[in-house]
Every structure is written in C-alpha cells, then in structure tokens.
1. Among the listed residues Ile210, Ile214, Ile243, Ile227, identify the single one that is within 14 Å of ligand 2 (Cβ to nearest atom) and either over 17 Å from Phe285 (Cα atoms) or of a type in the set (Val, Ile, Thr) (or both).
2. Scan region 84-127 for residues that are within 22 Å of Gly166 (Cα to Cα) and among the aliphatic types (A, V, I, L, M) and jot them down.
3. For region 110-137: of the residues being assigned to a strand (DSSP E or B) and surrounded by fewer than 21 Cβ atoms within 10 Å (Cβ to Cβ), which is nearest to ligand 1 (Cβ to nearest atom)?
4. Scan region 230-240 residue by residue and report those that are open to solvent by 30 Å² or more (accessible area, probe 1.4 Å) and within 16 Å of ligand 2 (Cβ to nearest atom).
5. Write out, first by first residue and then by second, each pair whose Cβ atoms fall under 9 Å of each other, whose residues are 6+ apart or on separate chains, and whose first residue, in region 301-327, is open to solvent by 30 Å² or more (accessible area, probe 1.4 Å) and within 14 Å of ligand 2 (Cβ to nearest atom) while the second is at pLDDT 90 or above and hydroxyl-bearing (Ser, Thr, Tyr).
6. Restricting to region 142-165, give me the number of residues that are part of a helix (DSSP H, G or I) and either more than 15 Å from ligand 2 (Cβ to nearest atom) or within 20 Å of the chain's Cα centre (by Cα) (or both).
7. Could you check region 183-203 and list, in sequence order, the residues that are open to solvent by 20 Å² or more (accessible area, probe 1.4 Å) and either more than 10 Å from ligand 2 (Cβ to nearest atom) or among the hydrophobic types (A, V, I, L, M, F, W, C) (or both)?
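The values are calculated or read from the model by the stated rules, or taken from the named source; none is laboratory data. Just so we're clear, the structure is a prediction, and the values are computed from it rather than from any experiment. Because the Cβ atoms are built from the backbone with ideal geometry, glycine has one as well, and the counts that use them run over all protein chains shown. Heads up: the accessible areas ignore ligands, DNA and RNA and are worked out on the full protein's heavy atoms, side chains in. Shrake-Rupley method; radii C 1.70, N 1.55, O 1.52, S 1.80 Å.
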Amino acid sequence: MPAIAAPVPQPSAEPRTEPLVFAAVCDWAGVVRGKAFPEADLESRLAKGMGYTHSNIMMSCFGPILTTPFGTGGDLIVRPDPAAHVDVGFGAGPAERFYLGDIQNIDGSPWECCPRDFLRRAIAALARHGLHLTAAFEQEFVYTGIDARPGDTYALAAYRRQRGFGEALMAALRQANLRPDSFMPEYGPRQFEVTIGPEPALRAADAAVILREIARGLAFRLGHRAIFAPMLEPDGTGNGTHIHMSLADAAGPATHDPAAPYGIAARVAPFFAGILAHLPALAAFTAPSVGSYYRLTPNRWAPVHANLGLQDRGAALRVAPVFATARESAARQFNVEYRVADATASPYLALGALIFAGVAGLDASLALPAPGARAALLPRTLAEALDALEADKVAKTWWSETAMSAYIAFKRAEIAHLARESPAEICNRYADIY
Ligand code: GLU
Ligand code: MG
C-alpha cells in the first residue's frame, strides 16, 4: 500500500493584518527598545503608556543584562511622546511606525535614569544662564548595499551606485519630519554621511535616533544594513557622529563674535571651555563603547586631544566655517562641532553631558585655552574614560548617585564582557548591533 502523502500546504491568501505601533526608548546602550500595541489603542496608550522595569535600562548593547543593581522588582512606564512620532511608509511593505518616549515612575514623575530626562535637566540648567542650545547631528555609516571599490572616496561613482538609497533616505527622513541637509559618499569603503538641519536640543537628539532607525529600516527593506558602529575593523575608517552646537539667548544667536578669539563670543566661551575641561569624563557618555577608542587614534580625522581648533577636523571641538558674508546670517550659521562622539552613544546622554559640561564652564567662568596651547590627551580606552568620570566631582553631580553608579557599572560590565576578544572580534560584535 502506498504511504499516505503528507498534506501539501496550499498557498493561501495574504493573512489579514492589524497595524501595530512601537513605543520605544533609546536606552543607555543607544539601542531603541520597547513594545508594540495595536494602533486602535493609540489614544489610551498615549495617556497610560507601556510597562517597563528598572533593570531594562541595564540591557547591554549585546542583549543580556550583564549586571544590575535593580534586581527583578519595580514597575515603570514608557510614555510615548507625540512630538517624537515616526510614521514612514516604504511603498507596499510595512511602514516604520514608532514613538520615542520618556521613562517615568508610575506616579508620572521622571525616572532618575531616563535618558531623555537627563537631557531635559541639562537644557533646564542651561536655561538658568539665559541660554538655549541648537544642535545638528552629522552621522557617518557604512551601507552594505554597494561593493567597495578603490577610488570611491567622495566619488560620484560611489554616489551614483548608491543614489537610490540616498534618495529613498531623503524621502523617508522628510516623511519623518526631519530636514535632510546632505548625503555624501565618505572617505572609507562603502561609507556615507547624512546630515540633517539644526533643531532645539531635545528635538535634535530625537532626530539623531530617528535618523539612525530610518537608515537602518530602509537598508533592511533593501536587504542590506546601514552600520553606524564606530569602527568596522580596528585599523579601518571611523564612523563619527559629529554634534554641531550653537547657543542663543532671548535676543537671538549668541555664539559668534568675529572679533573674539576663535570667533566665539565672550558670553558663551565658558560653555565650550567647560566641555574641554570635562572632556575626559564626557567621553564616557559620547564615546561609550570599547570600540569607540579604536576610532579616537591618530591619523583618522578623529580627535586624540581635548583641544579646540579653528576649522581643524582633527580637533575635539572644531569651530566650523561660516559660508556667509552678511553679519546676521554669519551669527546664525556659526557653530562649534564636537567630534568625540559616535553612534554607540545615546544621543540624549551625549548631548545632555555636553550641555552639563558647558553649564559647569559657565558656572565657573572658565576661559578657553589660548590658541596653540598644549591640550590633554583624550582617554585611550573606555576604562580610562570611566575612571575620569568617577574622578570628576562636577560630572558626578549631573545625575543621581543611583543613576551614576549604575551607569558606570553598566559600562564596566561591557568591558569585562569583551575582555577575552580580539580588537577585530570586538569591532564585529559592535558592528552586529549598531
Ligand atoms: N570619519 C571621521 C571620524 O571618524 C571624520 C571625517 C570627517 O571629517 O568628516 O570622525
Ligand atoms: Mg564626515
């Protein structure tokens, strides 16, 4: 008797679907994590949020919680922020639909470890000096949908092969209510850079997160990846996240004075002096991975000193050029670029720490170094950056004791987790995630 044939699966019609919305946090690891809910419940979810627990913030970039002071107890809320809403369609495929949000205690007060709250508090501290900050993130990444070819550096040939990605990215960013500024082939193999327009600080950090996710989401739909990890191989080309900053007061732009040293107005010079003074500690937030420090090495157009340079792309703080002649537009365009950052950083922690350091400079009326003065070396490893953070009494006031010690333990656990891996393996581990 012939064997009974197994039923042959019948191709069925497309299953019915119901739209979901993802409520997310860009956490300490700089990873966007959260939960989805049916779009039909949007109104009630905006009001009541989604559950979260204290130890969630301790999820390493690799996934597992490597250490936590919080244990298994406790409940928190992620409250989606309608101002950080993304709904980007990609033709026939599923849309990218998510909200970024705040982590709150169940009484609705900010949780002390919430990255967005860290930035909000920094913004409030700066406002007490009568100033507010505008920022633009310029992000470099490797797109895998193109072969590396010799001579592609800045080349029209590289751009031409990837123009489809670039144009789809511009459209997606605009749908996400960001303001695309430029897209270019960069120095490294398959490396590109995308810049968006300046925004007030909180919006700028949201936009940096959204841009990374849109680029990754678009690449995913094309069967490829957009990799923002700081180095794909230990001796390769770095992917930097450069943070352009300018300050304004009630009267308008306040950063520029063409007659002042570096063109930086005396009123805001202490802000940038504060960043330089606290730079070793700042690196623990802005270059917060083991792999970050393969990038911060000589001859890579990335900084190695805590220095300020006039139009110098090797400096930690670079006074960017102004392409304007009329005095008013020069005042508006003038900005200072911070280059000790990469995409393993949470944009909220990075920008928040920069602002806190700037405020510390304003509080202490710090002066900028004289042009040509010798500057300290940057930390050479994440461990050194964490030591600097622990030793910086001012930096330790930027956060509650609980948050600061948990963050330092979180990052030390990441170092220990990679202790037995070679630099090449470490680059791969981060490239898998970012
Ligand atoms: N790729 C360099 C970095 O890692 C920057 C190159 C540039 O100046 O755009 O920061
Ligand atoms: Mg660049």
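1. On the way: Ile210 fails: within 14 Å of ligand 2 (Cβ to nearest atom); Ile214 fails: within 14 Å of ligand 2 (Cβ to nearest atom); Ile227 fails: within 14 Å of ligand 2 (Cβ to nearest atom).
Among Ile210, Ile214, Ile243, Ile227, only Ile243 is within 14 Å of ligand 2 (Cβ to nearest atom) and either over 17 Å from Phe285 (Cα atoms) or of a type in the set (Val, Ile, Thr) (or both).
2. Of everything in region 84-127, those that are within 22 Å of Gly166 (Cα to Cα) and among the aliphatic types (A, V, I, L, M) turn out to be Val86, Val88, Ala92, Ala95.
3. Let us first name the residues in region 110-137 that are assigned to a strand (DSSP E or B), namely 110, 132-137.
Keeping just the survivors that are surrounded by fewer than 21 Cβ atoms within 10 Å (Cβ to Cβ) gives 110, 132, 134.
Details: Pro110: 32, His132: 26, Thr134: 20 Å.
This residue is Thr134.
4. At the first step, the residues of region 230-240 found to be open to solvent by 30 Å² or more (accessible area, probe 1.4 Å) are 232-235, 237.
If the condition is that a residue be open to solvent by 30 Å² or more (accessible area, probe 1.4 Å) and within 16 Å of ligand 2 (Cβ to nearest atom), then Leu232, Thr237 are the ones that fit.
5. So the pair list comes out as Trp301/Thr237.
6. We begin by selecting, within region 142-165, every residue part of a helix (DSSP H, G or I); these are 156-165.
Pick out the ones that are also either more than 15 Å from ligand 2 (Cβ to nearest atom) or within 20 Å of the chain's Cα centre (by Cα) (or both) and you get 156-157, 160-165.
Within region 142-165, residues that are part of a helix (DSSP H, G or I) and either more than 15 Å from ligand 2 (Cβ to nearest atom) or within 20 Å of the chain's Cα centre (by Cα) (or both) number 8.
7. Phe183, Met184, Pro189, Arg190, Pro198, Glu199, Pro200, Leu202, Arg203, listed by residue number.
This table checks each residue for (1) without any contact (Cβ under 8 Å) to a residue 60 or more places away in the chain; (2) in a loop (DSSP other than H, G, I, E, B); (3) open to solvent by 20 Å² or more (accessible area, probe 1.4 Å).
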| site | (1), (2), (3) |
| --- | --- |
| Asp342 | no, yes, no |
| Gly352 | no, no, no |
| Ile355 | no, no, no |
| Val359 | no, no, no |
| Ala367 | no, yes, yes |
| Gly372 | yes, yes, yes |
| Glu384 | no, no, yes |
| Leu389 | no, no, no |
| Thr397 | yes, no, yes |
